[in-house]
1. Between G470, G429, which is open to solvent by less than 40 Å² (accessible area, probe 1.4 Å) and assigned by TED's automatic domain parsing to the domain that holds S293?
2. Just one of P402, P369, P336 is open to solvent by 40 Å² or more (accessible area, probe 1.4 Å), in contact with a Lys or Arg (Cβ under 7 Å, 6 or more places away or on another chain) and away from the ligand (no atom under 16 Å from the Cβ); which is it?
3. With β-branched (V, I, T) and part of a strand (DSSP E or B) as the only criterion, which of I211, I166 stands out?
4. Wholly within the stretch 1-110, which helices (runs of 4 or more DSSP H) include no fewer than the required count, namely at least 1 residues that are under 25 Å from G429 (Cα atoms)?
5. Identify the single condition in (1) within 10 Å of the ligand (Cβ to nearest atom); (2) at pLDDT 95 or above that Y225 does not satisfy, given that it satisfies every other one.
6. Name the pairs whose Cβ atoms lie under 7 Å apart, with the first residue in the stretch 228-245 and under 21 Å from R191 (Cβ atoms), the second part of a helix (DSSP H, G or I) and within 8 Å of the ligand (Cβ to nearest atom), and 6 or more positions between them or separate chains?
7. Restricting attention to the stretch 172-199, and to residues there that are away from the ligand (no atom under 16 Å from the Cβ) and under 17 Å from Q383 (Cβ atoms), which single residue is most open to solvent (accessible area, probe 1.4 Å)?
8. Regarding the stretch 285-293, can at least one residue be identified that is out of contact with any Gly (no Cβ under 9 Å at 6 or more places or on another chain) and in the same structural domain as G224 (by TED's automatic domain parsing)?
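The values are calculated or read from the model by the stated rules, or taken from the named source; none is laboratory data. In this text, all values refer to a predicted model and were calculated from it rather than measured experimentally. Because the Cβ atoms are built from the backbone with ideal geometry, glycine has one as well, and the counts that use them run over all protein chains shown. Each accessible area value is taken on the protein alone, full model and side chains, heavy atoms only, with ligands, DNA and RNA left out. Shrake-Rupley method; radii C 1.70, N 1.55, O 1.52, S 1.80 Å.
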Amino acid sequence: MSETPQPADLIVFGGTGDLSMRKLLPALYHSDRDGRLAPETRVIAMSRGGLDDADFRGKVDAEVRSSVPVDDLDTWQRFLGRLHHVTVDIGGQDPTGWARLAGMLGGHEQRERVFYLASPPMTFGPFCREAHRAGLVTPASRVVLEKPLGRDLSSALRINDEVGAIFDERQIYRIDHYLGKETVQNLLVLRFANAFLEPIWNSLWIDHVQITVAETVGTPGRRGYYDHAGALRDMVQNHLLQLLCLVAMEPPSRNDRESIRDEKVKVLQSLRPITGGEVDRFTVRGQYTAGESGGVQVPGYLDEPDNTAPTEGSRRVETFAAIRAEVKNWRWAGVPFYLRTGKRMPYRHSEIVVQFKDVPHSIFPGNTPNRLVLRLQPSEGIQLNIMAKEPGAGEVALKPVPLSLSFAETFTGRVPEAYERLLMDVLTGNPTLFMRRDEVEAAWRWIDPILAEWESQGTPPEPYPAGSAGPATAHELVGRSGRVWHEEGLA
Ligand code: BG6
């Protein structure tokens with residue numbers, strides 16, 4: 001992998017959409033500002049929007065500039081100058097857009113060529129076919145697929161086949177932006193660059209693991225997507241399962257493109273299936289109703305402002321999901337992995353909590369077990385709770401005290417956004433932090449029976465008021481074995 005930025009053409013299908021405006025373009029601007037884009041690199045947005053280059057640049061200037069630090073107008077102008085727009089309607093009759101794109105890319109085959117599909121999964125196959133037909137797919141080009149890849153295993157298999165008919169697996173980058181987050185990568189470093197954790201990273205020492213991704217945001221304006229996704233497809237199938245893999249995987253033999261992914265897929269294949277009657281025991285689904293979140297009154301899911309009205313499907317979609325998972329292997333036998341994610345939770349926090357077992361024989365009253373918390377959001381950090389003696393004479397009094405690492409305090413300087421890191425990895429051809437075909441399919445294989453059971457029940461999810469910590473049964477899910485969700489986060 002070269003350190004000198006190579007000229008690239010990044011073609012973003014869905015280039016005027018929400019993801020592009022909120023994440024991709026800001027990430028690219030930051031990379032440009034840090035000198036990580038070659039002078040010739042271009043970003044070509046494709047959409048049905050009928051914009052020309054000037055319109056698109058005006059749109060980005062109006063919508064993106066306020067969300068990024070523009071300390072020097074020349075840099076911003078240089079960034080805008082990289083942007084182009086091509087109008088293309090996939091499946092439409094008008095080939096002029098493809099021809100224009102072919103004209104722009106022609107003669108630049110030696111550049112890195114990346115197609116970024118920031119569009120719904122059903123467009124992935126048709127896009128690849130049309131790009132191929134237009135002669136745009138070179139042996140060195142890459143394609144990035146946004147999650148969720150399909151709606152279930154069978155659609156994922158079909159999409160993987162369709163994309164795989166045009167691109168080789170080594171050219172396909174399935175993105176899960178959680179893998180680009182600093183703490184997530186730090187989890188690998190923490191586990192595999194420090195000797196002290198490995199001997200205790202197993203069922204002999206660990207009582208259970210909790211993975212929580214709680215958001216305060218709701219889904220205003222996202223009904224079209226969210227009604228068909230729900231929390232299980234939107235968050236658990238990808239983000240939460242990827243985090244679980246990194247916690248549970250065996251040490252890889254190398255830090256290369258396949259070794260880490262080989263180990264992750266083994267974890268997914270070791271997940272104990274949750275099927276039929278077990279689904280109710282080991283999973284919880286909820287949907288938020290009106291309530292107070294972040295000090296303001298917000299509507300319930302069904303009343304979120306949107307340009308489409310709620311349907312029967314909206315009533316059944318979950319905005320909260322919790323699961324008790326188990327990894328059936330030697331290392332993790334008997335250790336529950338509790339997964340939880342929800343919209344309109346009381347506060348935004350994403351964390352992995354590794355709860356250790358109690359000491360085998362306590363000689364002090366008030367001893368509590370150690371806990372390791374890896375926080376992804378809002379401020380990235382790692383905290384280990386250990387027991388210490390409270391200063392003072394007389395009887396020994398214990399207190400859990402945190403050993404904390406805050407990334408913001410320890411590593412000064414800007415912490416790059418996940419998309420920045422991942423986009424650079426695509427441009428330099430490093431797929432380590434992207435999901436391989438077998439990983440995505442193994443994840444769906446585990447999710448499918450849960451989805452099937454929820455769908456066959458046809459009942460609405462349990463309501464929970466916005467601003468609460470989810471439905472009561474989510475507490476029972478952990479409470480049944482005398483455990484509780486870790487709520488306080490880091491200090
Ligand atoms: C996306 C989901 O993948 O991740 C969104 O589609 C969710 O529903 C988002 O809000 C959360 O990402 P982050 O980085 O803000 O935790």
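1. Checking each option against the conditions leaves just G470.
2. Numbers: P402 fails: in contact with a Lys or Arg (Cβ under 7 Å, 6 or more places away or on another chain); P336 fails: open to solvent by 40 Å² or more (accessible area, probe 1.4 Å).
Result: P369 is the single residue among P402, P369, P336 that is open to solvent by 40 Å² or more (accessible area, probe 1.4 Å), in contact with a Lys or Arg (Cβ under 7 Å, 6 or more places away or on another chain) and away from the ligand (no atom under 16 Å from the Cβ).
3. Matching residue, one of I211, I166: I211.
4. Details: elements: 25-33, 53-63, 73-81, 96-105.
Answer list for the stretch 1-110: 25-33, 73-81, 96-105.
5. (2)
6. From residues that are under 21 Å from R191 (Cβ atoms), the pairs are H239/Y178; Q242/Y178; L243/Y178.
7. F196
8. no
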